[in-house]
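Colleague: Let me begin by handing over the structure; questions about it come next.
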Amino acid sequence: MRKAGILLPVSSLPSRYGIGSFSESARHFVDQLVEMDQSLWQILPLGPTGYGDSPYQAFSAFAGNPYYIDLDRLIEEGLLEQHEVEGIDFGQEDPCRADYLKLYENRFPILRIAFARSHHEEEEGYRQFLSENEFWLEDYALFMAIKHSLGGIGWQEWPDDLRLRRFDRNAYAAMAKECGCSQEELESEIRFYRFLQYQFMKQWMELKEYANRKGIRIIGDIPIYVSPDSSDAWACGPLFQFDEDHRPTAVAGCPPDAFAADGQLWGNPLYDWGYHEQTGFAWWKKRIAHCLKLYDVVRIDHFRGFDEYYSIP
């Protein structure tokens, strides 16, 4: 059966806050798809953007982008007040462009206000979210908390004890000392990043349910490689071709083709497929299962990354 749809990144939806989000604009777009007899909405990866603000270079293969959290929804829930978001420069003066620097500088302080007012840790939905996502969420929240405490630098530049994970998982006092902050500050940061992921997941699943009720299916991407600066690369070293010092022995690229006569150097860490086979491809199974929860149809981006790629020392 043939179907038709439109590719529109969430970031490209109309917004008063500098970037598209899981807002009423998203629901209006779903309604427009229905009116146009479309049945598919294809989006780009939803991960938290890192280097170059590309959705294909995310800080996690599992986490969601906090920029997509609908601020109006937080206002409705009493976590923000309207005057707190008015007058903030999110880069919204240019409706055709996302100013990621202004988003980074001005959106997170607003989200921290919402976090400080939230009682989400008392909600059954939050406890269920933690239980279902513990396998990636704890490493991600810790990764982001450390990154924030160290001024946003990549994990390969962290002090060796943090970079090589030479600590007990709950040794927050020792980790905080390495980060130059208090244990209370580090633990609060971890809780903040859990909160962001809870809000992201709650809002996205409600939007997806709305689309599905209207007969619209979501097509989403799985980028073949993870970002070098990601919680996956930091926390799951055996998955990748790393040496004993946790440095890549080779990185990904691709041969010459119609898009690049000299080939391309992507720089992403390559997988240790032997290790994946030994573990029954458990990480990949979890990743695909997670994506099938987020999307109705999963597109692997891209097949050439599996079939033909350069291993560049």
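Where a number appears in this text, it was derived from the coordinates with a stated rule and is not lab data. On a predicted model such as this, the values are computed, not experimentally measured, just so you know. We place every Cβ from the backbone using ideal geometry, glycine too, and count neighbours over all the protein chains shown.
Colleague: Pairs only if they're at least six apart or on different chains, beta carbon under 7 angstrom, first in segment 56-82 and under 23 Å from His119 (Cβ atoms), second among the basic types (Lys, Arg); list them, first residue then second.
Modeller: Within 7 Å, the pairs are Leu79/Arg117.
Colleague: Residues of segment 206-243 being free of Cβ contacts under 8 Å to residues at least 24 places away in the same chain and either closer than 29 Å to Val34 by Cα or within 15 Å of the chain's Cα centre (by Cα) (or both), which ones?
Modeller: Listed by number, the residues that qualify are Glu209, Arg213.
Colleague: Filter segment 44-101 for residues that are surrounded by 14 or more Cβ atoms within 10 Å (Cβ to Cβ) and polar (S, T, N, Q); which is nearest to Pro14 (Cα to Cα)?
Modeller: Per the stated criteria, the residue is Gln92.
Colleague: Does Phe90 satisfy being part of a loop (DSSP other than H, G, I, E, B) and in contact (Cβ under 8 Å) with a residue 40 or more places away in the chain?
Modeller: So Phe90 passes the test.
Colleague: Can you name the residue in segment 17-70 that is among the polar types (S, T, N, Q) and assigned to a helix (DSSP H, G or I) and, of all such residues, is farthest from Trp283 (Cα to Cα)?
Modeller: Step by step, filter segment 17-70, then rank; the result is Gln32.
Colleague: With the requirement that a residue be more than 24 Å from Gly87 (Cβ to Cβ) and not in a loop (DSSP other than H, G, I, E, B), what does segment 1-16 give you? Reasoning before the result, please.
Modeller: If we filter segment 1-16 for residues that are more than 24 Å from Gly87 (Cβ to Cβ), which is where we start, we get 1-10, 12.
Matches in segment 1-16: Gly5, Ile6, Leu7, Val10, Ser12.
Colleague: Same structure, new question: If a residue must be assigned to a helix (DSSP H, G or I) and surrounded by fewer than 16 Cβ atoms within 10 Å (Cβ to Cβ), how many such residues does segment 173-184 contain? I'd like the intermediate steps shown before the answer.
Modeller: Within segment 173-184, the first condition is being assigned to a helix (DSSP H, G or I), and the residues that meet it are 173-179, 183-184.
Okay, now just the ones that are also surrounded by fewer than 16 Cβ atoms within 10 Å (Cβ to Cβ), so 173-174, 177, 183-184.
Summing the residues that are assigned to a helix (DSSP H, G or I) and surrounded by fewer than 16 Cβ atoms within 10 Å (Cβ to Cβ) in segment 173-184 gives 5.
Colleague: On to the next question. Need the failing condition index for Glu187 against (1) touching a Pro at 6+ places or on another chain (Cβ under 7 Å); (2) assigned to a helix (DSSP H, G or I), just the number.
Modeller: With respect to (1) touching a Pro at 6+ places or on another chain (Cβ under 7 Å); (2) assigned to a helix (DSSP H, G or I), Glu187 is out only on (1).
Colleague: Sticking with this structure for a sec: Would you check which residues across segment 149-167 are assigned to a helix (DSSP H, G or I) and surrounded by fewer than 18 Cβ atoms within 10 Å (Cβ to Cβ) and list them?
Modeller: Of everything in segment 149-167, those that are assigned to a helix (DSSP H, G or I) and surrounded by fewer than 18 Cβ atoms within 10 Å (Cβ to Cβ) turn out to be Gln156, Glu157, Asp160, Asp161.
Colleague: Residues to consider are Glu84, Glu105; find the one that is over 23 Å from the mean Cα position of the chain (by Cα) and in a helix (DSSP H, G or I).
Modeller: Glu84
Colleague: Same structure again: When the residues of segment 282-313 are filtered to those that are among the aromatic types (Phe, Trp, Tyr) and part of a loop (DSSP other than H, G, I, E, B), which remaining residue is surrounded by the fewest Cβ atoms within 10 Å (Cβ to Cβ)?
Modeller: It comes out as Tyr309.
Colleague: Among Tyr309, Tyr275, which is the only one that is of a type in the set (Phe, Trp, Tyr) and either touching a strand residue (DSSP E or B) at 6+ places or on another chain (Cβ under 6 Å) or in contact (Cβ under 8 Å) with a residue 60 or more places away in the chain (or both)? Can you show your working first?
Modeller: On the way: Tyr275 fails: either touching a strand residue (DSSP E or B) at 6+ places or on another chain (Cβ under 6 Å) or in contact (Cβ under 8 Å) with a residue 60 or more places away in the chain (or both).
Only one candidate passes the filter, namely Tyr309.
Colleague: What pairs come up if the first residue lies in segment 186-205 and is touching a residue at least 12 places away in the same chain (Cβ under 8 Å), the second is of a type in the set (Asp, Glu) and not in a helix (DSSP H, G or I), and their beta carbons are under 6 Å apart, counting only those six or more places apart or on different chains?
Modeller: Gln203/Asp70
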